[in-house]
Amino acid sequence: MIRLVMDSTCDFSQDFAKKHNIDIVPLSVVFGTDVYKENIDLSVDDFYQKMSASTELPKTSQPAPQLFLEVFEKARENKDQVIVMTISSGISGTYQSACMAANMCADLQIEVIDTKNVTLGAQVQALEVLRMIESGMDYQSIVNKARENVSKVRLIALINTLENLVKGGRLSKVEGMVGSLISIKPFITMDAEGKIETLGKSRGTRKGIATMIDTMKNDELDCSKPMVVGYTGISDTMDQFMSSCNDERFQPELVSKIGAVIGTHAGSNAAAAAYFIK
């Protein structure tokens, strides 16, 4: 059997992961001296409640190789072939942890894929891998195709609040105050190196949503592959995006709550979408 392994920043729900036999390796979320395993000790909803009440941003840390090794031991027992898909190495050391663990298991077939993406961008790549597994495609062909797909995914997100950018020191308090007064909404994506890139800024949520939709319409969407949407904390902005989007090509398969890694920087009420481009 082919076993798919991901880290918790993929933001699949526990029910979805269980249904599709995806092993999830958790990152840690740190509030002060309190350390939580994402989605194990701290749910997505609890994370946003704690973050809202905190004057300082939480921190996140990559999983130790040992956590990947524990999953690989299950694969050894079942004689499984393993595909690991991780958050971008451009923003986390999780990929390196997975590679270290894989190098300790030379007797197993393990391929570690750097998605060069995060949250929904990793999700759509994983959904396509699940499709290939279910179709009966052989292991190496799936791995090869998954690596090709990395550069074909677009993640777009609208940040609805500047509060966390101020808390994190990415904006001064004055800049944050001015930006809030004139309702500045940053619009972000992931670049080719797997790092967060600002595409632009809009004044007001409505214009920001229009920018998201225009970006999507200008892309050459590959409608044969998965598409997903998600939100941080609350879904107001995402709901507005979905009700405003009249592009019949865009039919999301999943709506997900985006977790700690993106949520720490984006704050609540951000909206995001991910899809393949030709």
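Assorted remarks:
- In segment 59-79, the residues that are crowded, with 20+ Cβ neighbours inside 10 Å and over 21 Å from A122 (Cα atoms): A75
- From F250, F276, F241, residue being in a loop (DSSP other than H, G, I, E, B) and of a type in the set (A, V, I, L, M, F, W, C): F250
- Within the span defined as segment 244-254, one or more residues are free of Cβ contacts under 8 Å to residues at least 24 places away in the same chain and on the phi < 0 side of the Ramachandran plot.
- Any hit, segment 76-95, residues being closer than 26 Å to T161 by Cα, in contact (Cβ under 8 Å) with a residue 60 or more places away in the chain, in contact with a Pro (Cβ under 7 Å, 6 or more places away or on another chain) and of a type in the set (A, V, I, L, M, F, W, C): no
- When the test is whether a residue is in contact with a helix residue (DSSP H, G or I) (Cβ under 8 Å, 6 or more places away or on another chain), among the small types (G, A, S), surrounded by 13 or more Cβ atoms within 10 Å (Cβ to Cβ) and modelled with pLDDT of 90 or more, G263 does not pass it.
- Qualifying residue in segment 225-239 (condition: surrounded by fewer than 18 Cβ atoms within 10 Å (Cβ to Cβ), in contact with a Gly (Cβ under 8 Å, 6 or more places away or on another chain) and hydroxyl-bearing (S, T, Y)): no
- Strands (runs of 3 or more DSSP E) (entirely within segment 47-150) containing at least 1 residues that are of a type in the set (D, E): 110-114
- The one condition in (1) closer than 17 Å to V153 by Cα; (2) modelled with pLDDT of 85 or more; (3) hydrophobic (A, V, I, L, M, F, W, C) that L199 fails to fulfil: (2)
- Number of positions in segment 4-46 that are in contact (Cβ under 8 Å) with a residue 40 or more places away in the chain, among the polar types (S, T, N, Q) and part of a loop (DSSP other than H, G, I, E, B): 2
The values are calculated or read from the model by the stated rules, or taken from the named source; none is laboratory data. Treat the numbers as computed from the prediction; the structure is a model and nothing was measured. Glycine gets a Cβ as well: all are built from the backbone with ideal geometry, and neighbour counts include every protein chain shown.
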